Each structure stands twice: as structure tokens, then as C-alpha cells.
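Colleague: Take a look at the following structure, please.
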Amino acid sequence: MASMSQRLVHLDLKGAAPKLSYLEKIFPLIEQWGATGLIMEYEDMFPYHGNLSEVASSQAYSVEEVKKILHMAEQHNLEVVPLVQTFGHFEFVLKHETFAKIREIPKYPTSLCPCHPDAIPIVTAMLDQVLEMHPKTRWFHIGCDEVYHLGRCDLCRRKMADENLTTQQLFFGHVKTVATYIKAHYPTITPIVWDDMFRFAAVKDLKTSGLGDLVEPMIWHYLSSFLLPENLFDNLCTVFRDIWVASAFKGATGVCASMTNISFHVENHLSWLRLIDEKGSKFNSIRGFAITGWQRYDHFAVMCELLPVAIPSLALCLSVAKQGVFTQDILMHISNQLEFKPGLPLNPYQCQIPTECRYPGSDVYAAMIDWIHTQAKCDQFLQSDTLCSWMNDYNIERGFVNLMHIEPIVTEATNILARLCEVQIKIQKSMEPIFSDETVTEWIQTYLEPKSKRLSDVVEKGQKVLGRVNFEGFEEKMSQDM
């Protein structure tokens, strides 16, 4: 097997960026479980300044906070690799009117136009600001995955026509420009790039791309059953001496997932280990794993699993990546370390037994367990035949109702609503020490409040029906008695 020494934990900061006090608690654990470094995908959480100040979120880390993160990482022997998107997934920049001019498609703030004269100056200005604060980094991830609508604007079409370029060559050209800039101005740094945009490239195009001596590809795949092109590794090894692989410990099973299916991610790592054993000798080195933990699927998506609920998954995935196997002893060790009672469930969605645990952020884990069970009960009720049959708008508007059915519907809705209120208090209390108020508010308003509103509507309509029918029935009975 090719040498493989790095295990980088990816911290996706484009949603639910943790407070430094929480990072301070988990960095020692990450080191203990076998991580050698961190990939910091700052997005709009970096304190960009000057002409880029608009890019920084109002919640962005300050310069001093970034310095403290780097210091904490160094204390725990975690090498920091910054990740800044420089092509696709550029929404955090392109959403601003100031930078809309460099969009590939004017109405989509997704990918930049590589041919716009302002594109490279904006990208390199971002790189300079980030690298100025990371003088010790050896690698810099420039992203470049999922570049949608490539070669669609007039500037790109003109360039492709004038220079007889394919969209693949247009992509390679931009990556080469960015990587060459880094190599020229920061010669000790090696750029890393996601592999998906040249997975299906012909070998001749890879060889003529000029990227072989400039970048190291990071091949990402998050499923247990691999769907990568069969000849991918054979093609890459003709051009690249060193590569990376990227697995996931969270954020790859559903855009709205609240809990982490650990089994899914452990299987992904085991599949990677088998593939590395088979293909690794083709390269000088497979640098190691980047264990990704996505917080949103893109800048405009909702938040998925919060970092604290995925800490058990991260612990097991790091252990598997380091030791090369998954055993009951490893599971028991992590379960005991995180104080799970009766034991760490590998798929919390299937766990019906009450679970206790104690680790940094375990209150969020416990609150989310309550949430997924309450959410399931709520959805089951809202989608039930009972509600649709006896309390639909058509019947209610016409007073065509039977109290025998309305009363239990209102009672059940009231009970679930009360339970949702309890869960909301628990979630809010558990999240506040770890995340900003804006993150807590976003999560509650995204997931919990829409359910509460729908239940409240059911209760309100039901109570009006009950009040009206009871009162009218009472009046009719009185008139008959008289």
C-alpha cells in the first residue's frame, strides 16, 4: 500500500459555526482519536476585509478568533489546511451585488465566470487574505467541485471558440491559473483540488492540463458502494504522484437530516480502506483521509446534522481510518469514552431505547433524539387519514363535522404541540452554549416552528368547530324544550 499518514477533519463553517469555547473542548478529542489536522472551510466565516469585507458574514470569526483557533489546533498537533472555493460553490461571494458581475450565469449565484477580467483578481485577493493568516500551512484546498453551467456565458463561449477549447479544458485552465498563482507567491504550499470535475476526463486531456506538478487531487466519495469510474485511479496515476481521498462523518445522507447514521459512514470508510489497499500502490503516496462533515449541502441549503450530534460518528470514523478496521472493541471503547448508556447506537433513527451520554455537546445529541421521535409522531399525525378524512377544509367550511372524530383529533394535536414546545426549550438550551443566537434561531425556525404552526392551526380550527357546534347544539336543544 502507498504511504498514507494524514487524517484531516473537515470543519464546514457555512452553517452552525461553533463558538471557540466548543472547539477548545473537541480539539483534544479529535487529536486523541487519530486526527493529524483540520480542513477549515471558512466560507463567509473568515474575516475578509478591504474590498472583500462584504463577503464576511456578520457572524464571521474575528482576526483574533482565527488566530486563537490556529493556536488551539497547534497545541493539539492539528495541522490546519484552509479551504476556499475558487470556482464552483461560490455563492457566498456571488450572492452579493458587488460581485454579481463575475457570475457565469447572471441569475445564478453559483459559479464564477473564469473568463471575466475581474474573476482572478477577486479570487487571488481572497487567497492572499486567508494565506496571510496561515503562514505555516503546507496545503491549501482551492475547492473547484460541482462547477455547474461551465462555459455558458458569452465570454466563455467566445474564448472556447477562439482557442478551440472544450469545457473540460476551460475548467483546467482556470484551476491552473489559480494553482500557478499559489505556487508563484507561496512556493512551499501545494494546492489541493476536488476531483469530480475531471473524473471522466481523457488521459490526454489530463496530461496536457499542466496540473500534474501543480495540484494534488482529492477524490471524494461518501457512499459504501462505490460509483467511481472504474479507470479513475489508472488515469490519475499517469499524471499525479500524490492524491488524497475524502470520506464523510456527517452531512452526506440527507439535506434535512437531524441525526447521523454512523453505520453509513463507517461502511464508507471501510470501503475506502479496501479500495486504497487495491489501488494505493499506483501512486507515490495517498496522503490520507479528509473526513468531511458537511453542515449544508450548499450556501443556500438548510442546516443538516449539527456537529455535536456527529461527534460519536467522527470518533468511530477517525478510529477506523487510523486502525484500518472496525471492531466491537473499537465500538465499545468509543461508547465508554463518550459515556453512552446502554451503548452507542450506530443508527439513532432506529433506536427505541432511551439513551444517555456525556461528552462535549451531548446535550444537543439528547435533544435531537427527542426531536426526531417527536417529529416522526408529528408527521404521522399531520399525514394521517384521520386528520384528512374528518377534519379537512372542505368539511369544516361547510360545518359537515362529527364531534366524535374532531374531539380526539384536537386532543392529539394539543398533546403533540405541547411536546414540541418542550423539545424546543430543550434544543434551545442545549445549543446556546455552542452556537450563536442566530444559528439557534435559524434551526428552530427552519425545522421546529413550521411543525408547531401546522399543529396550532389544527388545534385552532378544531376548537372553533367544537365551540360552534356545542353552542349551536345547546341553543337548538333549548328551543325544543321550550
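Just so you know, all these numbers are worked out from the coordinates, no wet-lab data involved. Because the structure is a prediction, the values reported are computed rather than measured. Glycine also receives a Cβ, built like all others from the backbone with ideal geometry; neighbour counts cover every protein chain displayed.
Colleague: Could you give the C-alpha radius of gyration of the range 166-290 expressed as a fraction of 2.2 N^0.38 Å, taking N as the number of residues it contains?
Modeller: Compared with the compact-globule rule of thumb, the range 166-290 sits at 1.14.
Colleague: While we're here: Quick check on packing: order 234-244, 131-141 by the mean number of other C-beta atoms within 10 Å, highest mean leading.
Modeller: Descending mean neighbour count gives 234-244, 131-141.
Colleague: Can you list the lysines whose alpha carbon sits under 26 Å from that of Lys207, skipping same-chain ones fewer than 8 residues off?
Modeller: Lys159, Lys176, Lys183, Lys279, Lys282
Colleague: Related question: How far is helix 167-185 tilted off the main Cα axis of the chain, in degrees rounded to 10, range 0 to 90?
Modeller: In the chain, helix 167-185 runs at an angle near 70 degrees to the longest axis.
Colleague: Just rank Thr177, Thr327, Thr374, fewest to most, by other beta-carbon atoms within 10 angstrom.
Modeller: Sorted ascending by nearby Cβ count, the order is Thr327, Thr177, Thr374.
Colleague: So how do Val203, Val147 line up by other beta-carbon neighbours within 10 Å, fewest first?
Modeller: Val203, Val147
Colleague: Further, regarding this structure: Could you work out the per residue convex hull volume over the alpha carbons of the range 362-481, in cubic angstrom?
Modeller: 106 Å³
Colleague: Sequence gap of 8 or more, or different chains, plus Cα separation below 30 Å: how many lysine pairs satisfy both in the range 362-481?
Modeller: Number of lysine pairs found: 17.
Colleague: Given a cut-off of under 8 Å on Cα pairs at least six residues apart, what relative contact order in percent is computed for the chain?
Modeller: Relative contact order of the chain: 15 percent.
Colleague: Viscosity 0.890 mPa s, temperature 25 °C: what is the translational diffusion coefficient of the range 1-140 from Stokes-Einstein with a Kirkwood Rh over Cα pairs, rounded to a whole number of µm²/s?
Modeller: 153 µm²/s
Colleague: Cross-link list Lys25/Lys67; Lys68/Lys95; Lys68/Lys250: which exceed 20 angstrom alpha carbon to alpha carbon?
Modeller: Going by Cα-Cα distance, Lys68/Lys95; Lys68/Lys250 fall outside the 20 Å limit.
Colleague: Now for a different question. Would you compute, from DSSP H runs of 4+ residues alone, the mean residue ellipticity of the chain at 222 nm, taking -39500 (n - 2.57) per run and dividing by the full residue count, rounded to the nearest 500?
Modeller: -15500 deg cm²/dmol
Colleague: Another question, then. With only alpha-carbon pairs counted, each pair once and no self-pairs, how large is the Kirkwood hydrodynamic radius of the chain in angstroms?
Modeller: Result for the chain, one decimal place: 24.9 Å.
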